[in-house]
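Here the structure is laid out as structure tokens; the discussion comes afterwards.
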Amino acid sequence: METKPKNWVFEDLRLQKLRQEYDQYTEEDFKVWKILFERQMPNLPKAASKAYLDGVKAVKFSADRIANFEELNAILKESTGWAVQVVPGLIDDDLFFGLLNNRRFPSSTWLRKMEQLDYLEEPDMFHDAFAHMPLLTNQPYVDFLESLSGIALKHIENPWAIQLLSRIYWFTIEFGLIREDGELKIYGAGILSSAGETKFSLSNEPAHLPYDVRRILNQEYWKDRFQDKYFVIESYEQLYESLPEIEEVLEEILNKK
């Protein structure tokens, strides 16, 4: 496969002229953001990772203002060198991982409607911003995200490899737990944006398993219900340090197929 230059995504026609049109948000949009923010944020001081809570303060999210990407990018630039890149919605794997490998987090700009407060098939801007972006201020976390995406780009033409790596992404970035001061905390964005799963994931109902690269690569996940197991890291540095093992076990599995 021809290797693309690292900055190829910025020349992609799918991204040209895409901006957050902040002045186009409606009264309903601001109301939806406020309802979702005020419904979930009170659950998080005792449930979320300290890195996430610190990140919320750093990016200055509040109930009364929809996240402003221009302001956010200025903060992220000074913090970790990352930025938010507006995308039209769900995007292809090559563009998704290409953005992440260029320290750009893909995000939609549309918000769900009032009648969609409790269920949404496709992640909207509240999920992308509220749940993901505060942790973009954490250096080991974004280093892991960038490098994991680099591994994915090496295998971008192999659907089986991408499926395997999506399990790592799913059980860490989207549905990961971390142990802090002996207590389970949430850092996965899929949990952080869900009041129901926030409570469920920390309860005694699901299994809480130590972070295990080999097991995760062999573990399927569910998109239409709460997970029955969550993997627990001890630090964000552990994620970054596991990258060589991810590559090694991935190659081992691919060579057996």
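The values are calculated or read from the model by the stated rules, or taken from the named source; none is laboratory data. What you are looking at is a predicted structure, and each value in this text was computed from that prediction instead of being measured. Backbone-built Cβ (ideal geometry, glycine too); neighbour counts: all protein chains shown.
Here is a check on your reading of the model: is ILE151 surrounded by 21 or more Cβ atoms within 10 Å (Cβ to Cβ), at pLDDT 95 or above, among the β-branched types (Val, Ile, Thr) and not in a loop (DSSP other than H, G, I, E, B)? When the stated conditions are applied, ILE151 does not pass them. The number of residues in segment 175-212 being in a helix (DSSP H, G or I) and crowded, with 21+ Cβ neighbours inside 10 Å comes to 5. Can you find a residue in segment 99-113 that is in contact (Cβ under 8 Å) with a residue 12 or more places away in the chain, within 21 Å of THR26 (Cβ to Cβ), among the basic types (Lys, Arg) and not in a helix (DSSP H, G or I)? Checking segment 99-113: at least one residue is in contact (Cβ under 8 Å) with a residue 12 or more places away in the chain, within 21 Å of THR26 (Cβ to Cβ), among the basic types (Lys, Arg) and not in a helix (DSSP H, G or I). Scan segment 132-145 and tell me whether some residue there is farther than 21 Å from ASP92 by Cα, buried (at least 21 other Cβ atoms within 10 Å of the Cβ) and hydrophobic (A, V, I, L, M, F, W, C). Yes, some residue in segment 132-145 is farther than 21 Å from ASP92 by Cα, buried (at least 21 other Cβ atoms within 10 Å of the Cβ) and hydrophobic (A, V, I, L, M, F, W, C). None of GLY81, GLY89 is assigned to a loop (DSSP other than H, G, I, E, B) and in contact with a Lys or Arg (Cβ under 7 Å, 6 or more places away or on another chain) except GLY81.
The residue that is modelled with the highest pLDDT, among those in segment 1-27 that are more than 15 Å from MET125 (Cβ to Cβ), in a loop (DSSP other than H, G, I, E, B) and aliphatic (A, V, I, L, M), is LEU15. So which residues in segment 213-245 are loosely packed, with under 13 Cβ neighbours inside 10 Å and touching a residue at least 12 places away in the same chain (Cβ under 8 Å), if there are any at all? Those that are loosely packed, with under 13 Cβ neighbours inside 10 Å and touching a residue at least 12 places away in the same chain (Cβ under 8 Å): ASN218, GLU220, ASP228, GLU234.
Quick grid of which residues meet (1) touching a helix residue (DSSP H, G or I) at 6+ places or on another chain (Cβ under 8 Å); (2) modelled with pLDDT of 95 or more:
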| residue | (1), (2) |
| --- | --- |
| SER62 | yes, yes |
| LYS77 | no, yes |
| TRP82 | yes, yes |
| VAL87 | yes, no |
| ASP93 | yes, no |
| ASN102 | yes, no |
| TRP110 | yes, no |
| GLU121 | no, no |
| HIS132 | yes, yes |
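Taken together, the residues in segment 227-257 that are in contact with a helix residue (DSSP H, G or I) (Cβ under 9 Å, 6 or more places away or on another chain) and part of a strand (DSSP E or B) amount to 4. Condition first: over 17 Å from the mean Cα position of the chain (by Cα) and either within 23 Å of LEU177 (Cβ to Cβ) or not in a loop (DSSP other than H, G, I, E, B) (or both). Can you find one or more residues in segment 126-145 that meet it? No, segment 126-145 contains no residue that is over 17 Å from the mean Cα position of the chain (by Cα) and either within 23 Å of LEU177 (Cβ to Cβ) or not in a loop (DSSP other than H, G, I, E, B) (or both).
Among the criteria (1) assigned to a loop (DSSP other than H, G, I, E, B); (2) modelled with pLDDT of 95 or more, the one PHE30 does not fulfil is (1).
When the residues of segment 28-67 are filtered to those that are polar (S, T, N, Q) and either more than 18 Å from the chain's Cα centre (by Cα) or surrounded by fewer than 16 Cβ atoms within 10 Å (Cβ to Cβ) (or both), the one that is nearest to ILE178 (Cα to Cα) is ASN43.
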